[in-house]
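**Q** My questions all concern the structure below.
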Amino acid sequence: MPFANTNKIQLAFEEQGSGQPVILIMGIGCQLIHWPQGFCDLLSAQGMRVIRFDNRDTGLSSKMEGQHVDNFRRIIWRALWGLPSEVPYTLYDMADDVAGLMDHLSIDKAHLVGISLGGMIAQSLAIAHPDRVATLTSIMSTNGDPYLGTPSALKALFGKAAQTRPEAIERAIHIFSTIGSPGFPFDEATVRQRAGESYDRCHYPTGVLRQTAAVFASGSRRRRLATVSCPTLALHGSADPLIPWV
């Protein structure tokens, strides 16, 4: 597994194919293996250089050990009032991680594809480093509005962390069956397999709390997103249980 030294941390990454670079950015607590291999193969077959990586505090990338989230409820409350909070890192730090990965790979500009938290990171990179983004694709993500999100889905997503492999698998099934679109059949076998693989590769629930704190503390990007000029595609389900279609 190759690593990139970026922004004072190490990011684990994989790449395949050659041609125009496309960087895939995964969501909260999810590792690079959550990008289906078949999807990556399709992109590389179309002449793309496909890069996927573990965000900080996830997978095999650096863990922000010793950096604590104090009073998570207070962070959420302040976010609802548009107030900043002191957190270990923000979405813009995570966006700088991606920019550093691009530097490591000698990539000046790339197509960004982010899902959920990954979409927020991609948006932040397009805001902070517009010259580095060829196109932006944001999938089932948000603009940082703290009022978005249904209670039942948020409860499933941020419930008690699993401690064992069986617990991790059952928790993943509960989460993805709750936040998945009702218009598509739930593939329990695939979720079960991927959850087991993720647990075996690296089980680190502490990182989820810090990543979530980064989401709430980074505030709304609504106004700043209006400055993004690169070709942009937002993909979102009209019946998304986690982030409602608005």
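**Q** Write out, first by first residue and then by second, each pair whose Cβ atoms fall under 9 Å of each other, whose residues are 6+ apart or on separate chains, and whose first residue, in region 218-240, is touching a residue at least 24 places away in the same chain (Cβ under 8 Å) and on the phi < 0 side of the Ramachandran plot while the second is part of a helix (DSSP H, G or I) and aromatic (F, W, Y).
**A** Sorted first by the residue in region 218-240, then by its partner, the pairs are S218/Y92.
**Q** Go through region 5-26 and give me each residue that's modelled with pLDDT of 95 or more and buried (at least 21 other Cβ atoms within 10 Å of the Cβ).
**A** L11, A12, F13, P21, V22, I23, L24, I25, M26
**Q** Is region 226-234 home to any residue that is buried (at least 17 other Cβ atoms within 10 Å of the Cβ) and touching a strand residue (DSSP E or B) at 6+ places or on another chain (Cβ under 9 Å)?
**A** no
**Q** Related question: Of all residues in region 193-236, how many are over 17 Å from the mean Cα position of the chain (by Cα), within 19 Å of W35 (Cβ to Cβ) and not acidic (D, E)?
**A** 4
**Q** So how many residues does region 27-47 have that are aliphatic (A, V, I, L, M), surrounded by 13 or more Cβ atoms within 10 Å (Cβ to Cβ) and free of Cβ contacts under 8 Å to residues at least 24 places away in the same chain?
**A** Matching residues across region 27-47 total 0.
**Q** Let me ask something additional. Tell me, which helices (runs of 4 or more DSSP H) lie completely within region 55-162 with 2 or more residues that are among the β-branched types (V, I, T) and touching a residue at least 24 places away in the same chain (Cβ under 8 Å)?
**A** 72-80, 117-128
**Q** Taking region 73-108 only, how many residues are surrounded by fewer than 16 Cβ atoms within 10 Å (Cβ to Cβ), in contact with a helix residue (DSSP H, G or I) (Cβ under 9 Å, 6 or more places away or on another chain) and of a type in the set (D, E, K, R)?
**A** Qualifying residue count for the region: 2.
So that you can scan it fast, the table gives a plain yes or no per residue for (1) on the phi > 0 side of the Ramachandran plot; (2) among the hydrophobic types (A, V, I, L, M, F, W, C); (3) modelled with pLDDT under 95:
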{"site": "I51", "(1), (2), (3)": "no, yes, no"}
{"site": "L60", "(1), (2), (3)": "no, yes, no"}
{"site": "F72", "(1), (2), (3)": "no, yes, yes"}
{"site": "W81", "(1), (2), (3)": "no, yes, yes"}
{"site": "D93", "(1), (2), (3)": "no, no, no"}
{"site": "S106", "(1), (2), (3)": "yes, no, no"}
{"site": "G114", "(1), (2), (3)": "no, no, no"}
{"site": "G119", "(1), (2), (3)": "no, no, no"}
{"site": "A128", "(1), (2), (3)": "no, yes, no"}
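The values are calculated or read from the model by the stated rules, or taken from the named source; none is laboratory data. Bear in mind the structure is a predicted one, so any value in this text is a computation, not a measurement. A quick note on method: Cβ atoms are made from the backbone with ideal geometry, for glycine too, and the neighbour counts reach across all protein chains shown.
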